[in-house]
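Enquirer: Take a look at the following structure, please.
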Amino acid sequence: MIRFAHFNFNVLDLERSLSFYQQALGLTPVREKILDGVARLVYVSNKESDFELELTQLFDRSQPYDLGEGEFHLAFVTDEYEALHARHQEMGCICMENPTVGIYFIEDPDGYWIEI
């Protein structure tokens, strides 16, 4: 058997990212690892899923990450679409909408796109 475990986003400011993911998506830390002198990894999730997002802050990194052409994203499904959309509008993090398909994207503090 094989199953998904987690996906990683490298972030510049871990506390800012943790705050964003808590406020925008209700994701909270479930475990953490410190790689001595190298990085801090915090895994966030919610009670709805076993899937985790790993947020990694490399201690020696000070420049924003090059996300290429942004041709990848993380996607969430929800039964609270309108409420989340209103929250994300208020947060100012909606970066693209496609009402015809019934989806929109939010952008995290490091430029990663998340589909709702």
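Enquirer: What is the magnitude of the charge dipole of the chain about its Cα centre, with +1 placed on the Cβ of each Lys and Arg, -1 on the Cβ of each Asp and Glu, and no other charges, expressed in debye to the nearest 20?
Expert: 360 debye
Enquirer: Sticking with this structure for a sec: Given 20 °C and 1.002 mPa s, compute D for the chain with the Stokes-Einstein relation, Rh being the Kirkwood radius over Cα pairs; round to the nearest whole µm²/s.
Expert: 142 µm²/s
Enquirer: While we're looking at this one, here's another question. With an 8 Å cut-off on Cα pairs and a minimum separation of 6 or more residues, tell me the relative contact order of the range 6-55 in percent.
Expert: 40 percent
Enquirer: Something else: Counting only the heavy atoms of the protein chains, how much of Arg16 is accessible to a 1.4 Å probe, in Å² to the nearest 10?
Expert: Approximately 110 Å² for this residue.
Enquirer: Each residue of the range 74-90 in order: what ³J(HN,Hα) in whole Hz does its phi give by Karplus 6.51 cos²θ - 1.76 cosθ + 1.60, θ = phi - 60°, with x for Gly and Pro?
Expert: Listing the rounded values in order: 9, 10, 10, 10, 8, 9, 10, 3, 5, 5, 5, 4, 4, 4, 5, 4, 4 Hz.
Enquirer: Compute the relative contact order of the range 16-94 as a whole-number percentage, counting only Cα pairs closer than 8 Å that sit 6 or more residues apart in sequence.
Expert: 21 percent
Enquirer: What chymotrypsin sites (Phe, Trp or Tyr not before Pro) in the range 5-113 are in a loop by DSSP, with at most 11 other Cβ atoms within 10 Å of the Cβ?
Expert: Of the chymotrypsin sites (Phe, Trp or Tyr not before Pro), the ones in loops of the range 5-113 whose Cβ has at most 11 other Cβ atoms within 10 Å are Phe72.
Enquirer: What angle do you read, to the nearest 10 degrees and between 0 and 90, between the alpha-carbon axis of helix 14-25 and the longest principal axis of the chain?
Expert: Helix 14-25 and the main axis of the chain meet at about 20 degrees.
Enquirer: Would you mind telling me the share, in percent, of accessible area of the chain contributed by carbon and sulfur at probe 1.4 angstrom?
Expert: Carbon and sulfur together cover 51 percent of it.
Enquirer: Also, I was wondering about something else. Going by amide H atoms built from the backbone, whose H comes under 5 Å of the H on Tyr104, apart from near neighbours?
Expert: Asn98, Ile116
Enquirer: What is the sum of charges around Glu54, taking Lys and Arg as +1, Asp and Glu as -1, for the other residues whose C-beta is under 13 Å from the C-beta of Glu54?
Expert: +1
Enquirer: Of Thr56, Val11, Ala24, which is farthest along the charge dipole of the chain in the positive direction, counting Lys and Arg as +1 and Asp and Glu as -1 at C-beta?
Expert: With unit charges placed on the Cβ atoms, the residue in question is Thr56.
The values are calculated or read from the model by the stated rules, or taken from the named source; none is laboratory data. The model shown is predicted, which means the values in this text are computed figures rather than measured ones. A quick note on method: Cβ atoms are made from the backbone with ideal geometry, for glycine too, and the neighbour counts reach across all protein chains shown. Accessible surface areas use protein heavy atoms only, side chains included; no ligands, DNA or RNA. Shrake-Rupley method; radii C 1.70, N 1.55, O 1.52, S 1.80 Å.
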